[in-house]
Structures are given as C-alpha cells and as structure tokens.
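Engineer: First the structure, then my questions, so here it is.
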Amino acid sequence: MRLDLLAALNAERAARRACVVVTDLASGAQRLVRAAELDAERAQDPLAPAMRSALAEGRSTLVADGSFLAVDVPPPRLLLIGAVHISQALAPMARIAGFDTTILDPRTAFATPQRFPDVPVIAEWPDIALPSYGLDPFTAVAALTHDPKVDDPALEAAVAAGCFYIGALGSRRTHAARLERLAARGFSAEALADIHAPIGLAIGAASPPEIAVAVLAEIIAALRRPALARLKGAAA
Amino acid sequence: MFAREDDVLDAAERWRREGRGVALATVLETWGSAPRPVGSRLVIDDAGNFLGSVSGGCVEGAVVTEALDVIASGVPKRIDFGVADAAAWTVGLSCGGRISVYVEPVA
C-alpha cells in the first residue's frame with residue numbers, strides 16, 4: 001500500500017467515515033473509495049454494487065474480477081444517556097463487547113468518574129454536549145434517565161442522525177406519551193418507529209444488570225442482524 | 001484488551017514515517033474454523049515487530065517471515081495456509097481452518 005493512500009485511509013477512519021480499499025490482486029494496484037462517493041449517480045464503477053453491499057454489511061470480501069474489497073467502517077460507539085444503575089452494569093459490558101462507550105448525564109451527582117471508572121463521563125445537557133460528540137449511523141444511543149428533559153433531546157438528536165440503534169427506558173405507557181411529545185416536535189411516525197421501547201430484548205430481565213444484558217443484546221442484534229438477514233436471503 | 005484495526009493501520013503509517021521497512025498482511029479468505037475474519041490485518045516491520053492478528057496466533061510467525069521477504073523485495077504476495085497443506089501443521093494451524101493472506105509492502 002502506498003503511504004499516501006494509507007494516510008488518506010487513516011484520515012477517513014479518524015473522521016469516522018466508511019470507505020473501501022480496492023486491491024487488484026493480480027497487479028497489486030490499489031485505490032481508496034469513500035462511502036460518500038458511492039451514491040447512485042456515480043454507478044459507472046463496475047464494482048459499485050459490490051462495494052455498497054460490503055459497506056452495508058461491514059464485511060471485507062473478494063470479488064469475482066480478482067479484486068479484494070477491504071472495508072473500513074467506524075468502530076461502533078454506544079452513548080448512554082443517564083449515569084444510572086443500568087449504565088453502571090452496561091458500560092463495562094459494552095466496552096468488553098467492543099463498543100466505545102460514553103455516559104452523558106447533566107446531573108453532576110450521578111455523572112462522576114468514581115461511579116464510572118472505565119468510561120468517559122460527560123456531565124452536560126444533551127443539547128450542549130451532542131454537537132461535539134457527533135452522533136452518526138455507527139453510534140447506538142440508549143436513553144435511561146426516565147426524565148424527558150434529558151432523554152427527549154438525546155432521542156431527537158439520535159433519530160435525526162440515523163443512529164443504528166435507539167432505545168428508551170420506560171413502560172409502554174411512558175413510551176406512548178414520549179411518542180406524542182416527539183410527534184408534536186415534528187418527527188414522523190416512521191422515524192419514531194426506530195426507537196426500541198420498552199428497551200431491551202424480552203428476556204424477563206428484572207435487576208439493573210439483567211436489563212443491561214437485555215439492552216446490550218438488542219444493540220448487538222441491531223448492529224449484526226442486517227448482515228445476517230442478507231446472508232440468509234442469499235442462501236435461500 | 002483487543003488491538004483495534006485502527007491501531008494496526010495507524011502503526012503502519014507511523015512506522016513507515018519513522019523510516020522503518022513495513023509490510024501489511026490482510027486476511028483475504030477463510031474456510032472452516034478460521035479464528036479471524038476476512039479483512040483482519042497484521043502490520044510487520046523490518047525488525048520483525050508486529051501488531052494485530054490474522055489468525056489469533058496460529059500462523060503469525062510464518063506471515064512475519066514472509067513479510068520480511070516482501071519488505072526486502074517490494075513485491076506483494078498471496079499466501080495460503082490450510083489443513084490440507086503440510087505447512088499448516090508446521091506453522092500451527094491445527095485448529096482446522098484455512099486462510100489466505102495477502103502480504104504487501106507499505107511504500
């Protein structure tokens with residue numbers, strides 16, 4: 001790999017932008033294709049469909065013409081809204097599972113490094129902190145405070161950013177009220193359908209650590225299932 | 001914890017800028033119970049230092065040796081390791097998988 005291409009690749013990675021390095025294995029020739037360059041108008045590239053599906057699945061792959069597509073998608077992040085009990089269990093679990101995990105809670109008594117020794121803690125309101133955090137499609141957001149003043153702005157930002165997973169703590173009734181508030185703020189029913197609530201896989205979780213397991217499993221499913229469904233579809 | 005892929009690519013760039021000879025190994029294909037997925041990377045310098053993983057330890061030693069050749073020659077090569085191959089047992093790929101690795105110079 002040429003050093004200039006490697007530097008360009010590392011710059012894309014640092015900016016959390018997905019891209020593909022295409023290597024012609026016979027000649028060794030290489031090029032960098034940014035995900036943003038693959039929109040429908042630029043479909044002349046014969047490898048564009050293969051690159052699009054490789055990016056969607058986050059999987060590097062050999063293709064029929066003897067090229068290798070090395071896919072780089074940003075590592076998944078998890079933003080926990082609420083420095084609560086569930087977060088104390090979920091943050092270390094998510095870190096072990098490979099998520100860059102951050103806690104956000106404006107309540108300074110909750111959001112302390114003592115309570116969360118292993119992950120960054122932001123003691124700030126979502127509206128103030130989220131622009132610099134930079135939500136994106138490779139980020140999961142779980143709103144856990146039970147307080148609409150904190151959860152709602154974070155959920156709105158997550159829906160707008162197309163986060164791959166959005167979950168919100170609360171009963172069906174709480175969630176119905178939440179959907180009404182967000183709809184009144186101009187969000188479509190379709191966009192709001194992306195919010196997982198009640199949060200977590202239905203495994204009968206009772207304690208905060210058990211709920212953390214249910215939430216993490218749901219996040220992993222959201223991350224991996226699109227690729228899984230496609231593989232099953234191809235096999236059928 | 002686990003070395004992230006971005007650590008590997010950052011190291012490849014940093015090591016090259018420091019003037020080291022550098023090669024990058026990438027898993028192209030796997031069959032059976034190969035422990036690392038396609039696209040996994042290993043960076044190697046001309047002193048045999050390496051970072052990352054293409055097989056969870058099974059064939060790293062052999063890949064590093066090949067990488068030193070690639071750094072010297074400047075020519076990329078594809079290497080296959082598999083259970084059908086007597087070499088696989090010698091290099092420790094006894095886990096029953098097969099992998100194909102592309103080794104290229106960073107220049």
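The values are calculated or read from the model by the stated rules, or taken from the named source; none is laboratory data. Here the structure is a predicted model, which means the values were calculated and not measured. Don't worry about glycine lacking a Cβ; one is built from the backbone with ideal geometry, like all the others, and counts go over all protein chains shown. All accessible areas refer to the heavy atoms of the entire protein, side chains included, with ligands and DNA or RNA removed. Shrake-Rupley method; radii C 1.70, N 1.55, O 1.52, S 1.80 Å.
Engineer: Let me confirm something: among A:S67, A:S27, A:S53, A:S87, which residue is more than 10 Å from every other protein chain (Cβ to nearest Cβ) and open to solvent by 50 Å² or more (accessible area, probe 1.4 Å)? Quick ask: steps written out before the conclusion?
Structural biologist: Details: A:S67 fails: open to solvent by 50 Å² or more (accessible area, probe 1.4 Å); A:S27 fails: more than 10 Å from every other protein chain (Cβ to nearest Cβ); A:S87 fails: open to solvent by 50 Å² or more (accessible area, probe 1.4 Å).
A:S53 is the lone residue from the list that is more than 10 Å from every other protein chain (Cβ to nearest Cβ) and open to solvent by 50 Å² or more (accessible area, probe 1.4 Å).
Engineer: Separate question: Checking B:A72 against (1) among the small types (G, A, S); (2) open to solvent by 70 Å² or more (accessible area, probe 1.4 Å); (3) part of a loop (DSSP other than H, G, I, E, B), which test does it fail?
Structural biologist: (3)
Engineer: At pLDDT 95 or above, within 9 Å of chain A (Cβ to nearest Cβ) and not in a strand (DSSP E or B): does that describe B:R20? Don't jump to the end; show me each part of the working.
Structural biologist: Values: at pLDDT 95 or above: yes; within 9 Å of chain A (Cβ to nearest Cβ): no; not in a strand (DSSP E or B): yes.
So B:R20 fails the test.
Engineer: Out of A:E190, A:E180, which single residue is closer than 19 Å to A:A161 by Cα and out of contact with any helix residue (DSSP H, G or I) (no Cβ under 9 Å at 6 or more places or on another chain)? Spell out the reasoning first.
Structural biologist: Working: A:E180 fails: closer than 19 Å to A:A161 by Cα.
Sole residue among the options that is closer than 19 Å to A:A161 by Cα and out of contact with any helix residue (DSSP H, G or I) (no Cβ under 9 Å at 6 or more places or on another chain): A:E190.
Engineer: To continue, here is another question. Looking at region A:217-232, is at least one residue in contact (Cβ under 8 Å) with a residue 24 or more places away in the chain, assigned to a helix (DSSP H, G or I), outside the structural domain of A:E12 (by TED's automatic domain parsing) and of a type in the set (K, R)?
Structural biologist: Checked against the condition, which is being in contact (Cβ under 8 Å) with a residue 24 or more places away in the chain, assigned to a helix (DSSP H, G or I), outside the structural domain of A:E12 (by TED's automatic domain parsing) and of a type in the set (K, R), region A:217-232 yields at least one hit.
Engineer: Anything in region A:198-213 that is buried (at least 20 other Cβ atoms within 10 Å of the Cβ) and either of a type in the set (V, I, T) or touching a Gly at 6+ places or on another chain (Cβ under 6 Å) (or both)? List them, or say none.
Structural biologist: Once the filter is applied, which keeps residues that are buried (at least 20 other Cβ atoms within 10 Å of the Cβ) and either of a type in the set (V, I, T) or touching a Gly at 6+ places or on another chain (Cβ under 6 Å) (or both), region A:198-213 yields A:I199, A:I211.
Engineer: Given the condition part of a loop (DSSP other than H, G, I, E, B) and either open to solvent by less than 30 Å² (accessible area, probe 1.4 Å) or modelled with pLDDT of 95 or more (or both), answer yes or no: does some residue in region A:159-166 qualify?
Structural biologist: To start, the set of residues in region A:159-166 that are part of a loop (DSSP other than H, G, I, E, B) comprises A:162-164.
Narrowing the set further to residues that are either open to solvent by less than 30 Å² (accessible area, probe 1.4 Å) or modelled with pLDDT of 95 or more (or both) leaves A:163.
Taking every residue of region A:159-166 in turn, at least one turns out to be part of a loop (DSSP other than H, G, I, E, B) and either open to solvent by less than 30 Å² (accessible area, probe 1.4 Å) or modelled with pLDDT of 95 or more (or both).
Engineer: Related question: Any idea which of A:I86, A:I96, A:I103 is under 22 Å from A:A140 (Cβ atoms), in contact with a Phe, Trp or Tyr (Cβ under 7 Å, 6 or more places away or on another chain) and assigned by TED's automatic domain parsing to the domain that holds A:E156? So that I can check it myself, show each step before the final result.
Structural biologist: Values: A:I86 fails: in contact with a Phe, Trp or Tyr (Cβ under 7 Å, 6 or more places away or on another chain); A:I96 fails: in contact with a Phe, Trp or Tyr (Cβ under 7 Å, 6 or more places away or on another chain).
Every option except A:I103 fails the conditions.
Engineer: Can I ask one more? Could you tell me which residue of region B:23-33 is surrounded by the fewest Cβ atoms within 10 Å (Cβ to Cβ), considering only residues that are at the interface with chain A (Cβ under 9 Å from one of its Cβ atoms) and within 17 Å of B:V8 (Cα to Cα)?
Structural biologist: Within region B:23-33, the first condition is being at the interface with chain A (Cβ under 9 Å from one of its Cβ atoms), and the residues that meet it are B:24, B:26-29.
From what's left, within 17 Å of B:V8 (Cα to Cα): B:24, B:26-28.
On the way: B:L24: 25, B:T26: 24, B:V27: 24, B:L28: 22.
Checking each candidate, the answer is B:L28.
Engineer: Of all residues in region B:43-69 being among the aliphatic types (A, V, I, L, M) and assigned to a loop (DSSP other than H, G, I, E, B), which is surrounded by the fewest Cβ atoms within 10 Å (Cβ to Cβ)? Give the derivation first.
Structural biologist: Going through region B:43-69, the residues among the aliphatic types (A, V, I, L, M) turn out to be B:43-44, B:47, B:51, B:54, B:59, B:62-64, B:67-68.
After this cut, where a residue has to be assigned to a loop (DSSP other than H, G, I, E, B) as well, the list is B:47, B:54, B:59.
Numbers: B:A47: 10, B:V54: 27, B:V59: 26.
The qualifying residue surrounded by the fewest Cβ atoms within 10 Å (Cβ to Cβ) is B:A47.
Engineer: Could you please give the count of residues in region A:30-50 that are within 21 Å of the chain's Cα centre (by Cα) and open to solvent by less than 30 Å² (accessible area, probe 1.4 Å)?
Structural biologist: Going through region A:30-50 one residue at a time, the tally reaches 1.
Engineer: Hey, among the residues in region A:1-24 that are over 25 Å from the mean Cα position of the chain (by Cα), at the interface with chain B (Cβ under 10 Å from one of its Cβ atoms) and in contact (Cβ under 8 Å) with a residue 12 or more places away in the chain, which one's nearest to B:L28 (Cα to Cα)?
Structural biologist: Per the stated criteria, the residue is A:T23.
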